[in-house]
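Enquirer: Submitted below is the structure of interest, expressed as C-alpha cells.
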Amino acid sequence: MTKLLLHDNWKFRRTDESKFYDATVPGSVFQNLIDNGLMEDPYYRDNEDKARELMKYDYEYVTDFTSDIYGSSENFSQIFLRFVMIDTVADIYLNDALLGNVMNMHRTYEFPVKELLKEKNTLKVVFHSPVNYIKEQFKKDPLLGTEDCTRGFPHLRKAHYMFGWDWGPRLADCGLQRGVYLDCVEKARLSDVYIRQYHSAVDNPLNNIVTLKLSACEEIFTGNTEEKSTIKYTVTAPDGTILVKDIPLSESYDITSPLLWWPNGYGEQPLYTVEVTLSDDSTGKVLDSVTKRIGLRTMEISTDKDQYGSEFAHKVNGVKIFAMGADYIPQDNILSRVNKERTRTLLKHCADSHFNCIRVWGGGYYPEDDFFDICDELGLVVWQDLMFACAVYRLTEEFENNITEEIIQNVKRIRNHASLGLWCGNNEMELFVGQEHWGAKNTLKSDYVKMYEYLFPKLLKDLDPETFYWCASPSSGGGFDDPNDENRGDAHYWEVWHGNQPFTAYRQFHFRYLSEFGFQSFPSLKTIETFTKPKDRNIFSYVMEKHQRNNAANGKIMNYMSQTYLYPESIGDVVYYSQLLQAEAIKYGVEHFRRNRGRCMGTVYWQLNDCWPVASWASIDYYGRWKALQYYAKRFFAPLLISCEERGFLDQCVSVNDEIDELVKSIKLYVSNETMEDRDVIAIWQLRDNTSKIIRNESALLTVEALKSEFVCEKNFEDIDIHKNYVSYALMDNDTEEILSEGTVLFCPPKHFEFVDPELTFEVNGDEITVNSASYAKSVEIMNDNDDLLLSDNYFDLNGESKTVKILGGKAENIKVRSVYRKF
Ligand code: BMA
C-alpha cells in the first residue's frame, strides 16, 4: 500500500470572509490564526475570551493536488482518503463532491475516492463551530454535565476538556489535527492485526514458553477471485535477532526462554517486534505490511475477596504490584503544540520519579500511538479510560453507532501494547449518575447502565478479551452499588482538599486503590510571568483568577496555608508555600497507603500535568517545570521507602487555644519494599532540637521482604517541646551504606516551630550543587532565575549538614536557596 500525505498547499479562511490565509496541516484553526497574526496567544492574560469568540465562526480549509502525487489511479484497486483526528464537526468535499459529514474527533474517517480523483484535485473541509453546535443541540435536549465545561458538551464526541474544566480554559479549537492521507491500495490491504500471547508458566521463567497467535484482517479490492494473497509474519527478539521469518498467519509461534516485560521498578522492558506482511501469490510482491512491538507479559487486575472486601490490584506476570502514578490529562488545548518529544519528556519524568503506572483520564482524547510506545518503553502501566467523563449521555441509535465505531477503532489500535493495563468505562459517572446528578433520572440513568455495563463490556470482550474492563472510576463493580466504597474497587478521595480535611484525614481510610486524590498549588513564578503583566501578579487579580478554574481553590489554598505556614510576604512565598502544601498533602496520603500495602494496592494522584499555564493539581506545570510535589513523588514512590507516622498538633488540635489534656507526641516508623528482592536495611531515627543537635539516636537492622511493608518501631516523646524538637529518620542499605530514603517530621505546624537561621550556603561544582546548612532547614528549595533547573532532588530537609544534588537540566546560574525559616 502506498501512503501519501496531503499536507501541502493548504489555505484557510473564515467562511464569512473571502480572504484565504496559508494553513499548516496537520494543525488547528487556533494555531493557523496565530501563525497568520489573526489571533493572540490564548494563554496570555485573558486572551482566552477573545479566542472563544473566534470559535463561533466556521472555517474552510482547501488544498489542491495533482494526480502525479499518487500516480495513475489505474495502478490501484482502491484509493482511500483518510483523516486521523479530524476535529470535529466537518463537511468533506473532493472535487466538489460531498464525501461526508463527520462529527467525532476520536474516530479516524476514510472515504473510497478512486472514482473521484482527476488530474487536478481540490480537497475542501468546512469546520462548523463546535460551540454553536453544542449550543443548538442543548436547546433540543438539555443534557447536563460538569459546570466547568460549556453547556451542551455531552452532545459532541470531542475531547470534553476543550470546552473547559476545573483546570482548563474554554478553548474548543478544531481542525485537521493529526493528518490527511491517501492510502493507495493494490488489490488488498491489512486493516488490523491482533497478537495474542499465552504463557505456559509465567511464574516460572525457566520453563515458561510464550505462544503467539495472530489474527489479521485482509480487505480485498479486486474483483478477480483467481488472484490470491498470503499473510505471513516475522518475529524479532529485543536484541534484533530474527526468531522466525515469514511463517503463515495461521501458525502459532512458541517463544522459548522469553524475556518478560515488567512495569518500571520490577524488571526490564524488552520489546519484541512482529512484522506482518500481505503478499500477492502470483508475483510475490508485498502489498501491505504492519509492524507492532509487543512486550511478553500477563496483565490482570485481581479483585479477589479478602477479609476487608475485595482487593483491586494490577497483577503483572503473576506479581501484584502497588500502583504508583498520577492522572494524565491532555498536554495542551492547542493540539499541534504536542509532539512526541514533549510527551516523552513528560513520561520520562514519571519513570524517573519511580512511577509504574499512569491513568489516562476520560475527559480528554485517546492518546496517540507515540504515547503508548513510550509507556511500553518506560514500563508505565496505562489505566485507559474510555472518553466519557462527568456528564450524562443519551443512547440514541445514532449515538450508539458513533461510539461503537469509536471504541472499535481505538481498542484495535491500542490493544497490542504491553503497557495497556485496563480499560475503564468513564470518569466519575457511576458515582454522580447514581446520585442523580446532572438530571440523570429514568432513561438517562438506564442509558448509563446500558452503555457501561452492557454495551462496552460486550464490545471489549470481543475486541480485547485479555484486558480487564472496569465500568467506571471510581467503582465497586457497577450497578450504582456504592461506587466509592472503601473496601472494594477503586476510589476517588477528595475530603483532603474539596472537603477541607487535614492531611492526616487520609489515615482514617484504607482504600483498595486510590485512583484520584489531589491538592492544588500555583505554578512557578516564571510560569506565572508568561501569562501576566507585573500588575497581575497577585493571586486575587482578574488575570490570576482567569488562570484558576476551581472557584473555591484560592480560598482553600489560603485556608490550608494559614493552618501551616507564616503569612506569605510576596507572591513568591505564596507559590512556594502552596507547592509545599500540595506536596505534603499527597505525601501524607501515599505514605499511609504504602504502609498499608496489601490492603491498599495503588495510589494514583490527581494530576500529573497541565494543558495551559494555570493554578491546578498538577505536579509538573505546563512548561514542564517540576513543582515541589514531583520531587516529593520521586521520594515517596522510591522502591524502598522509610515513612514516619507522627502524632502531634496536626492530628489532635485545630487551634493553639484548644484545651488538650495530653497531646500525644509519637512516631511510628515503617519500611516499604516495592522491589522483587528481600532487603537488609537499617532504619535510623534521631530526636533533635531546633539547631539539629541530636538528643536521642537509635537504629534497627531489619530484613524487609520483597513487595511488603514492615512496621519498625513506635516511640513516644512525652517531654519534648513541640516547638523546638523534631525527628529525623533515614533508611540505609546494610551492605552499601547508601541512604535509600529519608525525611523529618515536626509535631507542630511549621509556622509555630522555632527555627534557627540555617544560614544556607551553596557551591556549584560541575554538574553538582552542594547546599550547606548550619542548623535544621525545612523544605530547602534550590532555584535559578529562570526556574529551569531540573535537579536530582529538591525541597528536602537538612539536619545542619550538607547535601549534594545533581543538575539534570538547566543552568546553574543565579542560584538562590531558601527554606521555610523566616528572618525578622
Ligand atoms: C476529579 C477529576 C476531574 C477534576 C478533578 C479535580 O474528580 O475526575 O474531573 O478535574 O477531580 O476537581
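Just so you know, all these numbers are worked out from the coordinates, no wet-lab data involved. Nothing here was measured: the structure is a model prediction, and the numbers come from that model. A quick note on method: Cβ atoms are made from the backbone with ideal geometry, for glycine too, and the neighbour counts reach across all protein chains shown.
Enquirer: Convert 37 °C to kelvin, take the viscosity as 0.692 mPa s, use the Kirkwood radius over C-alpha pairs of the chain as Rh, and evaluate the Stokes-Einstein diffusion coefficient in µm²/s, rounded to a whole number.
Expert: 114
Enquirer: Would you mind checking 232/315; 124/292; 245/348; 3/120; 120/158; 285/340 for any pair whose Cα atoms are more than 25 angstrom apart?
Expert: From the list (232/315; 124/292; 245/348; 3/120; 120/158; 285/340), the Cα-Cα distance tops 25 Å for 232/315; 124/292; 245/348; 120/158; 285/340.
Enquirer: Structure shown: which of 693/778; 461/708; 556/724; 587/693; 140/441; 320/627 lie over 23 Å apart, alpha-carbon to alpha-carbon?
Expert: The answer is 461/708; 556/724; 587/693; 320/627.
Enquirer: How about residue 50: which lysines have a C-alpha closer than 16 Å to its C-alpha, ignoring those fewer than 8 places off in the same chain?
Expert: Within reach: 546.
Enquirer: Projected onto the charge dipole of the chain (+1 at Lys/Arg Cβ, -1 at Asp/Glu Cβ, origin at the Cα centre), which of 252, 199, 468 gives the Cα projection farthest towards the positive end?
Expert: Of the candidates, 468 comes out farthest on the positive side.
Enquirer: Cross-link candidates for residue 213: which aspartates and glutamates have Cα within less than 18 Å, leaving aside residues fewer than 8 places away along the same chain?
Expert: Within reach: 192, 246, 251, 254, 275, 462, 464, 466.
Enquirer: Under 16 Å from a point placed 7 Å out from the Cα of residue 739 along the Cα-to-Cβ direction: which residues of region 797-824 have their backbone N that close?
Expert: 797-806
Enquirer: Find, among the trypsin sites (Lys or Arg not before Pro) in region 687-758, those assigned to loop by DSSP (not H, G, I, E, B) with at most 13 other beta-carbon atoms within 10 angstrom.
Expert: 693
Enquirer: Based on other C-beta atoms within 10 Å, arrange 85, 105, 1, 162 from fewest to most.
Expert: 1, 85, 105, 162
Enquirer: For Cα pairs less than 8 Å apart in space and 6+ apart in sequence, what is the mean separation divided by the residue count of the chain, i.e. the relative contact order in percent?
Expert: RCO, the chain: 9 percent.
Enquirer: Charges on Cβ only, +1 for Lys and Arg, -1 for Asp and Glu, centred on the Cα centroid of region 755-824; of 775, 789, 817, which one is farthest towards the dipole's positive end?
Expert: Working it through, the farthest residue towards the positive pole turns out to be 775.
Enquirer: Dipole of the chain, Cα-centred, from +1 at each Lys and Arg C-beta and -1 at each Asp and Glu C-beta, to the nearest 20 debye?
Expert: 1000
Enquirer: Hey, another quick one. Could you work out the pair-distance distribution P(r) of region 478-589 from its alpha-carbon pairs, with 5 angstrom bin width and percents rounded to whole numbers?
Expert: 2, 11, 20, 20, 15, 12, 8, 6, 4, 1, 0
Enquirer: What is the Å³ per residue value for the convex hull set by the Cα atoms of region 243-355?
Expert: In region 243-355, the Cα convex hull volume per residue is 197 Å³.
Enquirer: Using 0.36 nm per residue, how much length does the chain from residue 217 to residue 310 gain when fully extended, once their Cα-Cα distance is taken away?
Expert: Difference between extended and current length: 29.6 nm.
Enquirer: How long is the gain from residue 243 to residue 49 if the chain were fully straight, where each residue apart is worth 0.36 nm and the alpha carbon distance is subtracted?
Expert: The span from residue 243 to residue 49 would gain 64.1 nm if fully extended.
Enquirer: I need 184, 357 ordered by Cβ neighbour count within 10 Å, fewest first.
Expert: 184, 357
Enquirer: So, one more: Among 209, 572, 24, pick out the residue whose Cα is farthest towards the positive end of the charge dipole of the chain, where Lys and Arg carry +1 and Asp and Glu carry -1 on C-beta, about the Cα centre.
Expert: 24
Enquirer: At 7 Å along the Cα-to-beta-carbon direction for both residue 342 and residue 207, put a label point, then send me their distance in nm to one decimal.
Expert: 5.1
Enquirer: Continuing with this model, one more query. Dividing the Cα radius of gyration by the Kirkwood radius, what Rg/Rh value follows for region 427-548?
Expert: 1.13
Enquirer: With an 8 Å cut-off on Cα pairs and a minimum separation of 6 or more residues, tell me the relative contact order of region 188-294 in percent.
Expert: Averaging sequence separation for qualifying contacts and normalising by length gives 28 percent for region 188-294.
Enquirer: Can you tell me the FRET efficiency between residue 708 and residue 16 if r is taken as the Cβ-Cβ distance and R0 is 56 Å, rounded to the nearest 0.05?
Expert: It comes out at approximately 0.25.
Enquirer: Give me D for region 526-576 in µm² s⁻¹, whole number, from Stokes-Einstein with Rh from the Kirkwood sum over alpha-carbon pairs, 37 °C and 0.692 mPa s.
Expert: Using the Kirkwood radius from Cα pairs, D works out to 282 µm²/s.
Enquirer: Would you be so kind as to identify all helices of the chain, as entire DSSP H runs, whose Cα atoms reach 18 Å or more along the helix's own axis and whose mean Kyte-Doolittle hydropathy is at least -1.0?
Expert: 397-414, 571-595
Enquirer: If you don't mind, there's one more thing I want to ask. Pull out a ≥ b ≥ c, the square roots of the eigenvalues of the alpha-carbon gyration tensor of region 755-824, then state rounded if a/c is under 1.5, prolate if not and a/b is larger than b/c, and oblate in the remaining case.
Expert: Since a/c reaches 1.5 and a/b is larger than b/c, the shape of region 755-824 is classed as prolate.
Enquirer: Moving to a separate point now. Within the set of other residues whose C-beta is less than 14 Å from the C-beta of residue 250, count the net charge using Lys and Arg as +1 and Asp and Glu as -1.
Expert: Once positives and negatives cancel, what remains is 0.
Enquirer: Can you give the relative contact order of region 318-452 as a percent, counting alpha carbon pairs under 8 Å and 6+ residues apart?
Expert: About 24 percent, as a whole number.
Enquirer: Is the shape of region 165-306 best called rounded, prolate or oblate, per the rule: a/c under 1.5 gives rounded, else a/b larger than b/c gives prolate, else oblate, with a ≥ b ≥ c the square roots of the Cα gyration tensor eigenvalues?
Expert: In terms of gyration-tensor shape, oblate.
Enquirer: Just subtract the alpha-carbon distance of residue 786 and residue 118 from 0.36 nm times their residue separation and send over the number in nm, one decimal.
Expert: Stretched out fully, the residue 786 to residue 118 stretch lengthens by 235.0 nm.
Enquirer: Quick one: if you stick a label point 7 Å off each Cα along the C-beta vector at residue 38 and residue 458, how many nm between them?
Expert: 4.6
Enquirer: Then there is this: List residues of region 69-86, by number, whose backbone nitrogen lies under 20 Å from a label position 7 Å along Cα→C-beta of residue 286.
Expert: 76-77
Enquirer: Any idea how far the Cα center of region 161-223 sits from the one of region 338-394, in Å?
Expert: Spelled out, the Cα-based centre of one part sits 15 Å from the other.
Enquirer: Using helices alone, what [θ] at 222 nm do you get for the chain, with -39,500 (n - 2.57) per DSSP H run of 4 or more residues, divided over all residues and rounded to the nearest 500?
Expert: It lands at -5500 deg cm²/dmol.
Enquirer: About the Cα centre of region 688-824, how large is the charge dipole given +1 on each Lys and Arg Cβ and -1 on each Asp and Glu Cβ? Please answer in debye to the nearest 20.
Expert: Rounded to the nearest 20 debye, it is 560 debye.
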